[in-house]
Amino acid sequence: MAVRDPGERLLRRRRRVWSYLVLVGLAVFFLFPLVFMFVSSLKPDGQILSDLGGWRAFLPLGDISLRNYAGVFDRVPVGRFLLNSVIVTVAIVGAGLVVNSMAGFAISRLRWTGRGVVLSVVIATLIVPFETIAVPMVYWVSQLPTLVLQHGQIEYDFGWLDSYQVQIVPFIANGFSVFLFSQYFSTIPTAIDEAARIDGAGWFTIYRRIVVPLSGPAFATVAILTFLPAWNQYLWPSMVVQDESLRPVMVGMQYFFQDNTAWGEVMAYTSMITLPVLVVFLGCQRAFVSSVAASGVKG
Amino acid sequence: MKRKSLTVIVAAALSATVALGGCARASQDSSSSGGPGEITMWTHSAGNPGELAVYKRIIADFNASQHQYKIVQQNFPQGSYNDAITAAAAAHKLPCLLDMDGPVMPNWAWAGYLQPLGLPDSLINSLLPTTVGRYKNTVYSAGYWDAALSIFARKSVLDKNNIRIPTVDKPWTLDEFTAAVTTLKANGYPTPLDLGAADTGEWWSYAYSPMLQSAGGDLINRGTMKSADGALNGPGAVTFFTWFQQAFKNKWVDNAGPVGNQRFIDNKVALSYTGVWNAKDALAAVGSDLLVLPPVDFGKGPKIGGGSWQWGISAGCRNADGARAYLKFSFQDSYLTAFADSQVVIPSTASAAAASKYFSDNGALHQFAVLSQKFALARPATPGYPVISSTFEKAAKDIMNGAAVKSTLDTAVQAIDTDITSQNGYGF
C-alpha cells in the first residue's frame, strides 16, 4: 500500500471541501423556490409581497401562522382533489406500464410485417402537441359508449365526460413509453427468447418471466416520467370534468386566482400538493438516478 | 391452458357486447340537464366562497318555491372556465344556464352557444345599461352587478402637494393629470402612479381602452363594426398612446408587480388606477383619507369600462322556460344587494344599490355607483371582440416597450380588419 505524502493528502482534502461547497451552493440554489413556497405559505399576503425584495422572503419572520392552510380548506376541497389525482395518476402509471411495455415488447421482439411502420407512427405521435388535438378529443370522448347503473339496472349511455376514465384512458398508451420500452428490450439478447421457446414458453411467458424482470431500469424510468405529467394534468381535466368531486389537484390552483390573488393560500396549496411528489421522488431517488443512468434518458 | 384463457376472454367480450345491446339506454337527452325539470347551471365562481354562498341561497329559495324545476349548480375556477365552455360546446354538452364575461357574449351568441334571454322588458329596463348584454339589438345576457374603475388617492398626499382634487363634474384634464404625476414624482414617489400594467389579458382592454375612447379613439368603428381603421389608429388613438408611452418612459408609471392595490396600500405609489373590488381593503388601510377619484378626461370626457359577468341561456337548453323562471327569480333586489355587499361590486338596480351597505347614497363606496352611471362604456358588442382585445393588448404592450406609436397601431388595425374580413364581417 502506497503511503501518500501529506501535501497530496491536503490537496485532496481541499478539493473535496471545495466540491462540497459547490454542491451545497447548488443544493441551496435549487431549494430556494421550495423554501420560498413553504415560508410564504405561513405569511399574510401583504407581508409576502413586501418581503419579496430581500432575504426575508426566505425566512419565517413576521406574522407567521397556519391561517393560509385553514383558508385553503375553506376554498378548495383539497382532500378530494388529492384523492382524485392519486387515483388518476396511479391508474395511468400502472396501466401505462403494462400496455406500453407490451407494445414495446411486440415491436422489439416479435417478428411481424409492418412493425417498422408501426414504430414510426408511434414515434410520429410524439411530434403532435396535445393542445392541438384537445378539442377534437373532447368531441370523441363525449361520444364514447359507457355503462351506467341506474334504477338497479345496467344501462348504456354515450359520453365519458365527467368521469375518472376520461382522465385516465386517453393517457395510458404513450408513444414515448412504447419507444423507450422497445429500445430497452432490444438490448436484451434474443438468444434468451430462443432458449425459452425451445423450453415451450409462449410469448407472454417470455415477456412476463424473462423480459420484464430484466428491465427494471426501463420500468422505473417510464413510471417516473409518466407520473409527473399525470399528476400535473391541467388542461384536459379543465375541459372534460365539470363535477367538482372528480377534479384533480392542478385545476384547484385556479380557485385562488380571483380578482385579487390569495398568494398566501396559493403557497399553502402548492406546498400541500407538492408534498406527495417530493415524497415519491425522495423515496425513489436511487431508482430514478440509476434508471436514468441505465436507460440514458433525461426527463 | 392458454387456449382456455383466450376462450374465456372472448366469451366475456361477447357477453359484454350482448349485454350492451340488450340493455336500455340510460338517457336519450343530449343536453347536460339530468332528470326531468333538472336545470344545470355553470358558474365561474369556484374558489369564491362569498359569491357561492349567495348562489346557494338563491338556488335553495328557487327550488323550494316551486316543484317543476330543480337548479343543479356546478362551479368552475375562473381561469379555466372559458376552456370548459368551449369544450362543452364542441361536445354539445353546454348547461342550460351559464355565466360569461360581458364582452365575450356577442362571440358566443354569434357562435350559436346562446339563445335570446327572453326576460321581461320591465326587468331588463330596470338594470344598469352596462349590465345588459345586447348583440344586434337582442338581449342575450344580464348581470347582477357591474364593476367600475377609479383612481385611488390619499387626500393628505394631494393636499400636501397642492394638487387639485378632481370631482365628477370637473375631472382632471390630461394636462392637470400630467402635472400631478410630475409633481408627485418630484416629491418623494419614484413611481407615482400604478396603472396595473403588470396584469395581463382582458385587463388591458378593460382598463386602457376607455382612456383611448376618452381621447377620441376606439377599438373599432362602432357604427359598422367592420373595421378598426380610423378608430384605433386615428389622431385620438395616437394622442392617447403617445401619452401612454411617455408615462412609462418618464417613469410616472411602470409595469412592475404585484397586480392589485398593494403598492397603494403600502404608500409606495400615490395614485392607483384600479377597480371597485380593491376598495374595501383600501378603505380599511387608508380610512377617511381615501379618495375615489373620477377617471382622467383625455379630451372627449372621462370614460371607464362597463360590463362584468352576466347570465345567459344556452341555445340547446331543453328547459329554457325553467331557466328563465330561475333568472327572473334571481334578479330580486335582496340577492343583488347580497352580491354587492359580499363581493363589493355595484348592484345592477338602483333599488338594490339603495339597500347596499357600500353603495347606498351614504355608503362609503357610493362614488363607484356614480362613476358607473356617468362614465361607463361597454366594450364593442361584436363577435370579433376576443381578437380585438388580444390585438389591442399586444399593441399597447409594444408601445409601452418603446415601439413607434402610429405604425404599431396600423399593424393592429390590419390584424383586426383581416380577422373581420376572414369571418365575413361577423354577420354585420
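Taking the conditions exactly as written (touching a residue at least 24 places away in the same chain (Cβ under 8 Å), closer than 28 Å to B:His366 by Cα and within 14 Å of another protein chain (Cβ to nearest Cβ)), does B:Ser314 satisfy them or not?
no
How many residues are open to solvent by 40 Å² or more (accessible area, probe 1.4 Å) and either among the aliphatic types (A, V, I, L, M) or modelled with pLDDT of 95 or more (or both) if we restrict to segment B:76-85?
0
Of all residues in segment B:292-347, which are of a type in the set (Ser, Thr, Tyr) and modelled with pLDDT under 95?
Across segment B:292-347, the qualifying residues are B:Ser308, B:Ser342.
Would it be correct to say that A:Phe81 is of a type outside the set (Lys, Arg) and more than 30 Å from A:Leu228 (Cβ to Cβ)?
no
Let me spell it out: the conditions are (1) in contact (Cβ under 8 Å) with a residue 60 or more places away in the chain; (2) surrounded by fewer than 18 Cβ atoms within 10 Å (Cβ to Cβ); (3) within 14 Å of chain A (Cβ to nearest Cβ); (4) under 23 Å from B:Thr182 (Cα atoms), and B:Lys280 meets all of them except one. Which number is the exception?
Of (1) in contact (Cβ under 8 Å) with a residue 60 or more places away in the chain; (2) surrounded by fewer than 18 Cβ atoms within 10 Å (Cβ to Cβ); (3) within 14 Å of chain A (Cβ to nearest Cβ); (4) under 23 Å from B:Thr182 (Cα atoms), only one is false for B:Lys280: (4).
If we scan segment A:247-259, do we find a residue that is touching a residue at least 40 places away in the same chain (Cβ under 8 Å) and surrounded by fewer than 17 Cβ atoms within 10 Å (Cβ to Cβ)?
no
Return the residues of segment B:117-134 that are free of Cβ contacts under 8 Å to residues at least 60 places away in the same chain and open to solvent by 30 Å² or more (accessible area, probe 1.4 Å); say none if nothing qualifies.
Passing the criteria: B:Asp121, B:Ser122, B:Asn125.
Which condition does B:Val286 not pass, out of (1) open to solvent by 40 Å² or more (accessible area, probe 1.4 Å); (2) part of a helix (DSSP H, G or I); (3) within 14 Å of chain A (Cβ to nearest Cβ); (4) not hydroxyl-bearing (Ser, Thr, Tyr), if it passes all the others?
Unmet condition: (1).
Tally time: how many residues in segment A:99-150 are surrounded by 12 or more Cβ atoms within 10 Å (Cβ to Cβ), away from chain B (no Cβ under 14 Å) and in a helix (DSSP H, G or I)?
Of the residues in segment A:99-150, 16 are surrounded by 12 or more Cβ atoms within 10 Å (Cβ to Cβ), away from chain B (no Cβ under 14 Å) and in a helix (DSSP H, G or I).
Go through segment B:140-161 residue by residue and tally those that are open to solvent by less than 30 Å² (accessible area, probe 1.4 Å) and within 21 Å of B:Leu98 (Cα to Cα).
Residues meeting the conditions: 7.
Within segment B:83-92, is even one residue away from every other protein chain (no Cβ under 14 Å), more than 20 Å from B:Ala323 (Cα to Cα) and either part of a helix (DSSP H, G or I) or within 16 Å of the chain's Cα centre (by Cα) (or both)?
Within segment B:83-92 (the criterion being away from every other protein chain (no Cβ under 14 Å), more than 20 Å from B:Ala323 (Cα to Cα) and either part of a helix (DSSP H, G or I) or within 16 Å of the chain's Cα centre (by Cα) (or both)), the answer is no, since none of the residues qualifies.
Just name the residue that is surrounded by the most Cβ atoms within 10 Å (Cβ to Cβ) out of those in segment A:188-222 that are of a type in the set (S, T, N, Q) and touching a residue at least 24 places away in the same chain (Cβ under 8 Å).
Within segment A:188-222, the match that is surrounded by the most Cβ atoms within 10 Å (Cβ to Cβ) is A:Thr221.
Output the number of the condition that B:Gln73 fails; it satisfies all remaining conditions of (1) over 19 Å from A:Glu244 (Cα atoms); (2) within 14 Å of another protein chain (Cβ to nearest Cβ); (3) surrounded by 17 or more Cβ atoms within 10 Å (Cβ to Cβ).
Status for B:Gln73: all satisfied but (1).
Checking B:Ser407 against (1) free of Cβ contacts under 8 Å to residues at least 12 places away in the same chain; (2) outside the structural domain of B:Leu232 (by TED's automatic domain parsing); (3) not aromatic (Phe, Trp, Tyr), which test does it fail?
Result: B:Ser407 passes all but (2).
When only residues in segment B:304-329 that are over 15 Å from B:Gln73 (Cα atoms) and within 16 Å of the chain's Cα centre (by Cα) count, which is most open to solvent (accessible area, probe 1.4 Å)?
That would be B:Trp309.
Only one residue in A:Leu225, A:Leu235 is in contact (Cβ under 8 Å) with a residue 12 or more places away in the chain, within 17 Å of the chain's Cα centre (by Cα), open to solvent by 20 Å² or more (accessible area, probe 1.4 Å) and closer than 30 Å to A:Gln143 by Cβ. Which one?
A:Leu235
A quick yes/no check of all residues on (1) assigned to a helix (DSSP H, G or I); (2) of a type in the set (Ser, Thr, Tyr); (3) touching a strand residue (DSSP E or B) at 6+ places or on another chain (Cβ under 6 Å); (4) away from chain B (no Cβ under 11 Å):
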position: A:Gln233; (1), (2), (3), (4): no, no, no, yes
position: A:Pro237; (1), (2), (3), (4): yes, no, no, no
position: A:Gln242; (1), (2), (3), (4): no, no, yes, no
position: A:Met253; (1), (2), (3), (4): yes, no, no, no
position: A:Ser271; (1), (2), (3), (4): yes, yes, no, yes
position: A:Val277; (1), (2), (3), (4): yes, no, no, yes
position: A:Val289; (1), (2), (3), (4): yes, no, no, yes
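Every residue, every condition in (1) within 14 Å of chain B (Cβ to nearest Cβ); (2) modelled with pLDDT under 90, yes or no:
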position	(1), (2)
A:Tyr20	no, no
A:Leu42	no, no
A:Gly46	yes, yes
A:Val78	yes, no
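So that you can scan it fast, the table gives a plain yes or no per residue for (1) farther than 23 Å from A:Val141 by Cβ; (2) open to solvent by 10 Å² or more (accessible area, probe 1.4 Å):
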position	(1), (2)
B:Trp42	no, no
B:Ile58	yes, no
B:Gln68	yes, yes
B:Ala87	no, no
B:Lys93	no, yes
B:Leu97	yes, no
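May I ask you to list the residues in segment B:177-216 that are open to solvent by 10 Å² or more (accessible area, probe 1.4 Å) and assigned to a helix (DSSP H, G or I)?
B:Thr178, B:Ala179, B:Thr182, B:Thr183, B:Lys185, B:Ala186, B:Glu202, B:Trp203, B:Tyr206, B:Met211, B:Gln213
Just wondering, is there one or more residues in segment A:284-297 that are modelled with pLDDT of 90 or more and surrounded by fewer than 17 Cβ atoms within 10 Å (Cβ to Cβ)?
No, that holds for no residue.
Scan segment B:252-272 and give yes if some residue there is over 30 Å from B:Gly425 (Cα atoms), more than 14 Å from chain A (Cβ to nearest Cβ), not hydrophobic (A, V, I, L, M, F, W, C) and not in a helix (DSSP H, G or I), otherwise no.
yes
The values are calculated or read from the model by the stated rules, or taken from the named source; none is laboratory data. Being a predicted model, the structure only gives us computed values, none of them experimental. Ideal geometry is used to build each Cβ from the backbone, glycine not excepted, and the neighbour counts take in all protein chains shown. Surface accessibility is based on the protein's heavy atoms, side chains included, excluding ligands, DNA and RNA. Shrake-Rupley method; radii C 1.70, N 1.55, O 1.52, S 1.80 Å.
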